[in-house]
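> Sharing a structure with you now.
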């Protein structure tokens, strides 16, 4: 096999809009004819972007699941693609919509339209990274050799990810977006607002009341203050109490040292002057975009136009969330897919760690009640004696564990898996794969084997990045 093509779909159910994007991923064997196969995703091609539609709601806190499924099915029809054709998929609920009462039930209902391989939800960190990859900011940081901060401004939240050399090194999230304040069609009278918007308004001396017009110039004042909070996040101005109040989960570091900026999300087109008919949303999006376009971000020509704006997160979900294991995997009796396995990190970087492996693994299994994937860095070029010694320790600790899933960074899964198969009773289900780098707190979805069973696709769901840690 030199190449294999897979259809992928990304479905993003956001605060303001729902999007579907269909992609074609190409798997290629990049090794020479006389080497061990090295399967990689070498090309990502967008086949079809479905039109943006407003996310349907039954009430302020309930998604209209039936209407949403109809929207997604119509996207499939327009693309000329059947759900049965999809090999990889990601359904994510993002922003304020992730907090709706039936959000989890909706993603589960839609999962059958995205194949068996699904990301069910996106926390702020995962959404930030997907948006940054989908926008092209990660690639820009690699090609330019500069630190690039992508700000994905949606309807309910702004997700920020800092990239260096193509890798995410920090992320943060704010309760700040274009949909926090909604207007009647006159674009002047308040229809509704969120608690976060009320805080922003009070900070500017404006009192918000439903069915009451804003004071003259009120919308511009609110947008200007929102843009200032974004500047504070990037440390372009001192951080204030309002900024702190709008932080979701965690913030960017005090000095992110971003050299270049990109914007994505629904508000980005308004920032770059391509807003089209954005006024139909009757919210703050267009005013916020104009305010950001006048902000400190645009001084000294430090803002770049990304490859994708409004579709960044959904493209990131469908085309950039997938990693492929190394080609020297070993598995037996495993029922794929394996969804939502939390990752337990076990120290194993040298032969000196082998004698304590069983105790370290047992401790992690106690923490996760046995329901986890064990991640170990592994040893570069281990000897057979080291592999068999490690296998005995691992097999002993995992004897009663189910599922038995080991993930390594170093290229040693095949040999370690063969040694493990000799330690366990014949027919014991297990999976041993390599070529994936994980961190404590990650969760993985492991899909059906590809390329004749030589590799498996893995979606790494990272919910919190440490501030100065990269990923290969």
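Where a number appears in this text, it was derived from the coordinates with a stated rule and is not lab data. Here the structure is a predicted model, which is why all the values come from computation and not from measurement. With ideal geometry, Cβ positions are generated from the backbone for all residues, glycine too; neighbour counts draw on all protein chains shown.
> Could you rank the peptides 350-363, 155-168 by their average count of other C-beta atoms within 10 Å per residue, with the highest value first?
155-168, 350-363
> Starting from the Cα of residue 274, move 7 Å in the Cα-to-Cβ direction to define the label point; list residues of region 133-159 whose amide nitrogen is under 20 Å from there.
Only 133-141, 149-155, 159 pass the distance filter.
> Also, I was wondering about something else. With labels modelled as points extended 7 Å from the Cα through the Cβ direction, what inter-label distance (nm, one decimal) is found for residue 368 paired with residue 45?
About 3.7 nm separates the two model spin labels.
> Moving on to the next point. If you take the Cα Rg of region 170-218 and divide it by 2.2 N^0.38 Å, with N the number of residues, what do you get? List each step's numbers first, then the result.
Values: Rg = 11.8 Å, N = 49, 2.2 N^0.38 = 9.7 Å.
Here the answer is 1.23, to two decimals.
> Give me the number: length gained by fully extending residue 241 to residue 64, i.e. 0.36 nm times residue separation minus the C-alpha to C-alpha distance, one decimal in nm.
Working: separation 177, 0.36 × 177 = 63.72 nm, distance 3.62 nm.
Result: 60.1 nm gained on full extension.
> Please figure out what share of the DSSP beta bridges in the chain is antiparallel and state it in percent, rounded to the nearest 5. Please list the in-between numbers first.
On the way: 57 of 80 bridges.
Expressed as a percentage, antiparallel bridges in the chain total about 70.
> Also: Let me check against my output: what whole-number percent is the relative contact order of the chain, with C-alpha pairs under 8 Å and at least 6 apart?
Taking the mean separation of contacting Cα pairs over the length of the chain, I get 15 percent.
> If you take the C-alpha gyration tensor of region 192-281, multiply each eigenvalue by 5 and take the square root, what semi-axes do you get, largest first, in whole Å?
Numbers: eigenvalues 117, 75, 26 Å².
Working from the Cα gyration tensor, I get semi-axes of 24, 19, 11 Å.
> So, one more: Which order do the peptides 215-221, 230-236 come out in when sorted by mean C-beta neighbours inside 10 angstrom, highest first?
Order by mean packing, descending: 230-236, 215-221.
> For a test of the definition: using alpha carbon positions, the gyration tensor, and the 1.5 limit on a/c, classify region 325-461 as rounded, prolate or oblate.
Details: a/c = 1.30, a/b = 1.16, b/c = 1.13.
Rounded.
> Here's another thing I want to ask about it. As a test of the formula, what do you get for the chain when each DSSP H run with n ≥ 4 contributes -39,500 (n - 2.57) and the sum is divided by the residue count, at 222 nm and rounded to the nearest 500 deg cm²/dmol?
Helix-only estimate at 222 nm: -8000 deg cm²/dmol.
> Taking the highest mean first, how do the peptides 382-390, 421-429 order by number of other beta carbon atoms within 10 angstrom per residue?
Going by the mean number of other Cβ atoms within 10 Å, highest first, we get 382-390, 421-429.
> Over all pairs of distinct alpha carbons, what does the Kirkwood formula give as the hydrodynamic radius of region 125-310, in Å?
Working: mean 1/r = 0.0614 Å⁻¹.
After inverting the mean inverse Cα-Cα distance, the result is 16.3 Å.
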